[in-house]
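Okay, structure first, notes after.
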Amino acid sequence: MFHDNNSNIYSATSQLDSEAFTAKIAEIRKLQNHRTYRNTSRQFYVEGVRNFIRVIDNKFDVSTIIYSEKLLTSAIARMLVRRSRRAGIPCLKVTPEQFRNISHTEKASGVGAIVRQHWTKLHEISLNKGLCWTVLETVRSPGNLGTLIRTSEAFGGAGFILLGDSIDPFDSNVVRASMGSIYNQKFIRTGYSKLQKWLHVHNCTAIGASPDGAIDFHQFDYPSQTLIFLGEERQGLTQKQRDLCQHLVRIPIASTVDSLNLGIAGSLMIYEVYRKRYLADSLRRCL
């Protein structure tokens, strides 16, 4: 799709002295491994062609691009590196060995970037956009959160409301598991009292998923302004979460199974909202 007649697209790429280079690599490692540093810097590190392309396509604020010319074989990614450099974004060229030394993937792709975290304020939410919002307080497995983010994007979910400080959506394992979907979802961090007031003002419907729900999740009619509350993998919904929910629904499962993986249970809930909404829209079009 893209054509590049320039054999050396990195001729004007930034070159750092040894001390500055070491500092930049140390910064990347801290972003990969230390949440406190991610929080204070308000940045995170992404790696891989898919992640890099989606970061650029979604116009995220990129402070540094790091790449290995020999490892980076994707024509589109190479073109985006050149375009980013021309836009003034620092592009740090490293050897394949240097890139592999900071890579967390099985096969180093040759491109990574330091990116500004994207957060939305609760009062900035547009309830007319997106299928639903997913509300979480604690998630034990980064893979489960990544799965939920990917599912939410797939079926038109608007994003995630995170209660408290427990969850870090910009953990490198979450970013990797989301397969690039994190760049098309909104994230809000808030507390219970603020969310309670917001729910009251905006007349939203809060629905919790729980084994003791009063109705099967596929029998419930999901309104247009729906928030899905999901509990932690082992303990389920907290009492505070339950207090915010107007309805509790259950996902029926075989009697030999105790519970579902959070990523699966949440994905089923999101898809059911999508299915009901899509079915309702289809019926209206037929009338």
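Every number in this text was worked out from the coordinates using simple rules, so none of it is lab data. All values reported here derive from a predicted model rather than from experimental measurement. A quick note on method: Cβ atoms are made from the backbone with ideal geometry, for glycine too, and the neighbour counts reach across all protein chains shown.
Per-structure values
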{"item": "Tally of Lys pairs whose C-alpha atoms are under 20 Å apart, taken over the stretch 18-116, 8 or more apart or cross-chain", "result": "5"}
{"item": "Proxy reagent accessibility, fewest Cβ within 10 Å first, across ILE28, ILE188", "result": "ILE28, ILE188"}
{"item": "Residues whose placed amide H lies under 5 Å from that of GLN43, excluding near-sequence neighbours", "result": "GLN117"}
{"item": "Calculated FRET value between SER224 and ARG116, using beta carbons and R₀ = 25 Å, to 0.05", "result": "0.20"}
{"item": "ASN184/HIS34 FRET efficiency (R0 25 Å; Cβ-Cβ; nearest 0.05)", "result": "0.45"}
{"item": "Nearest 10 degrees, 0 to 90: helix 142-154 Cα axis against the chain principal axis", "result": "80"}
{"item": "Simple Cβ-charge dipole of the stretch 57-154, Lys/Arg +1 and Asp/Glu -1, about Cα centre, in debye nearest 20", "result": "420"}
{"item": "Space enclosed by the convex hull of the alpha-carbon atoms of the stretch 18-116, per residue, Å³", "result": "97"}
{"item": "Rg/Rg_globular for the stretch 93-168, with Rg_globular taken as 2.2 N^0.38 Å and Rg from C-alpha atoms", "result": "1.45"}
{"item": "Whole-Hz couplings from phi, Karplus 6.51/-1.76/1.60, listed for the stretch 177-186; x for Gly and Pro", "result": "5, 6, 6, x, 6, 4, 7, 10, 10, 9"}
{"item": "5 angstrom amide H check on VAL135, placed H, neighbours 5+ away", "result": "ILE161, ILE228, PHE229, LEU230"}
{"item": "Equivalent-ellipsoid semi-axes of the stretch 178-267, from the Cα gyration tensor, Å, largest first", "result": "22, 18, 14"}
{"item": "Choice from GLN235, GLN185, GLN98 with maximal GNM fluctuation in the chain (Cα, 10 Å cutoff)", "result": "GLN235"}
{"item": "log₁₀ of I(q)/I(0) at q = 0.09, 0.14, 0.15 Å⁻¹ - the chain, Debye sum with one point per alpha carbon", "result": "-0.51, -1.00, -1.09"}
{"item": "D (Stokes-Einstein, µm²/s), Kirkwood Cα radius, the stretch 90-226, 0.692 mPa s at 37 °C", "result": "192"}
{"item": "Cα convex hull of the stretch 73-135 - mean projected area over all directions, nm²", "result": "7.6"}
{"item": "Cut-off of 10 Å, at most 13 other beta carbons, DSSP loop: longest stretch of the chain lacking such trypsin sites (Lys or Arg not before Pro)", "result": "141-233"}
{"item": "Under 30 Å from LYS197, Cα to Cα: lysines that are on another chain or at least 8 residues apart", "result": "LYS121, LYS129, LYS186, LYS240, LYS276"}
{"item": "Cα centroid separation - the stretch 28-44 against the stretch 128-204, whole Å", "result": "20"}
{"item": "Estimated distance in nm for a label pair at SER141 and LYS59, the labels positioned 7 Å out from Cα along Cα-to-Cβ", "result": "3.7"}
